[in-house]
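Remarks on the structure that follows.
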Amino acid sequence: MSDLPAYYFRVRETGALVFRVDGANRHSRLEMDPIAVVNVRNGQIRPQGDRTLDDADHAAIRDWMEERRAVLAAREVDDIRRTLDRINLAAQWAQSRATDAELEEVTDGLLLAMHDLRSVLVRKKAERAARED
C-alpha cells in the first residue's frame, strides 16, 4: 500500500473533509483519520476535534485547495461553453420541433432569463470598454 497518498480529500459542497491515510500500520489495514475540514471559498482550515495540524498538513491542504480552485474555475468556464451549446440547441428545438404547448410552457422563463443575461453582458462589456479608454 506504499503507493497511497498521505492525504485523502473527500470533496464537499464548499471544500473537503481531509483524512490522513495510514496504510502501514501494525494491522496492515488501510486507515483514514479525519484531521480537518477545509472551505475552498474562504480558505478556512479547521482541525477536527482536538487535532493539531503540522506544517506538512497545512502545506498539503493549501496545495489541494489551490488545485481545487483551478479545477472549479475550469469547470465554470466549461459550464458556460456548454450553456452556449444548450442555447443553440434550444433555438433549434423551438424552430423545428417544439409544439405550441411546449413553447407556451417555456417562452416567458427563457425570455426573462435571456433578457437578464443580455443586460448583464451589455453592462459588463460597457464597463470593460470604459476601462480601456
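The values are calculated or read from the model by the stated rules, or taken from the named source; none is laboratory data. Because the structure is predicted, anything quoted here is derived from the model rather than measured. Note that each Cβ is placed from the backbone with ideal geometry, even for glycine, and that neighbours are counted across all protein chains shown. Only protein heavy atoms, including side chains, enter the accessible area calculation; ligands, DNA and RNA are left aside. Shrake-Rupley method; radii C 1.70, N 1.55, O 1.52, S 1.80 Å.
Checking the stated criteria, Gln48 turns out not to satisfy the condition of being closer than 30 Å to Thr107 by Cα and of a type outside the set (Lys, Arg).
Just give me the residues in the range 98-133 being hydrophobic (A, V, I, L, M, F, W, C), assigned to a helix (DSSP H, G or I) and open to solvent by less than 90 Å² (accessible area, probe 1.4 Å), in sequence order.
Residues satisfying the conditions are Ala101, Leu103, Val106, Leu110, Ala113, Leu117, Val120, Val122, Ala126, Ala129, Ala130.
Looking at the range 32-56, which of the residues that are exposed (fewer than 12 other Cβ atoms within 10 Å of the Cβ) and polar (S, T, N, Q) is farthest from Arg118 (Cα to Cα)? Across the range 32-56, the extreme among qualifying residues is Thr52.
For the range 57-92, the tally of residues that are open to solvent by 100 Å² or more (accessible area, probe 1.4 Å), of a type outside the set (Lys, Arg), farther than 30 Å from Pro5 by Cα and within 17 Å of the chain's Cα centre (by Cα) stands at 1. All of (1) surrounded by 10 or more Cβ atoms within 10 Å (Cβ to Cβ); (2) at pLDDT below 95 hold for Arg26 with one exception: (1). Of the residues making up the range 3-57, those that are touching a strand residue (DSSP E or B) at 6+ places or on another chain (Cβ under 6 Å), of a type in the set (Lys, Arg) and more than 21 Å from Val71 (Cα to Cα) are Arg20, Arg46, Arg51.
Evaluated against (1) surrounded by 11 or more Cβ atoms within 10 Å (Cβ to Cβ); (2) part of a helix (DSSP H, G or I), Gln95 falls short on exactly one condition, (1).
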